[in-house]
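The structure appears below as structure tokens.
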Amino acid sequence: MTMRPLLLAMLAACTGCATIKTASSFHGVSIEHGDSPIETVEIENSGWLLFKFIPLGSGNPDLPNRASCRLFRNTVTLQNNIDMLMKEMDRVGATKAATIASRKTDETIFIIFLTRHAYHTSAVLLE
């Protein structure tokens, strides 16, 4: 009975996260290019793998920036990041994305026991 809270805490710590961060100003100054306002966006989707291939939990790309995850599924893919970028473009009314860059990171903990992996995508959105 005392192991249940510990197991739940460990499982919660191993869940992933999907986040979208945006910025349309720098130190209070609006970022603009000609007549089109510019917004920068940074998207990250992360998850945990056991032995580098068994998914424990990852971010929910359908509900970014919320306390939502996908247990025992690996949603950390470039396609999910691009889908989140397209939804963000629709949300802000952007018609173009420039300087799109994506990279994947892996951080191993306890030799090969646990691995946190994440996809990062950044872009400049033009209206």
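The values are calculated or read from the model by the stated rules, or taken from the named source; none is laboratory data. As the structure is a computational prediction, the values presented were derived from the model and not from experiment. Glycine gets a Cβ as well: all are built from the backbone with ideal geometry, and neighbour counts include every protein chain shown. Calculation scope for accessible area: heavy atoms of the full protein, side chains included, ligands and nucleic acids excluded. Shrake-Rupley method; radii C 1.70, N 1.55, O 1.52, S 1.80 Å.
A few comments on the model shown:
- Surface share of carbon and sulfur [accessible, 1.4 angstrom probe, percent] for the stretch 39-121: 59 percent
- Ignoring lysines fewer than eight residues from Lys87 along the same chain, the ones with Cα atoms less than 27 angstrom from its Cα are Lys21, Lys96, Lys104.
- Charge sum, other residues only, whose C-beta stays under 13 Å from Gly59's C-beta, Lys/Arg counted +1 and Asp/Glu -1: +1
- In order along the stretch 112-123, the Karplus-derived 3J(HN,Hα) couplings, from 6.51 cos²θ - 1.76 cosθ + 1.60 at θ = phi - 60°, round to 10, 5, 10, 10, 9, 10, 8, 10, 10, 9, 10, 7 Hz, and Gly and Pro are given as x.
- The share of alpha-carbon pairs in the stretch 41-127 lying farther apart than 17 Å comes to 49%.
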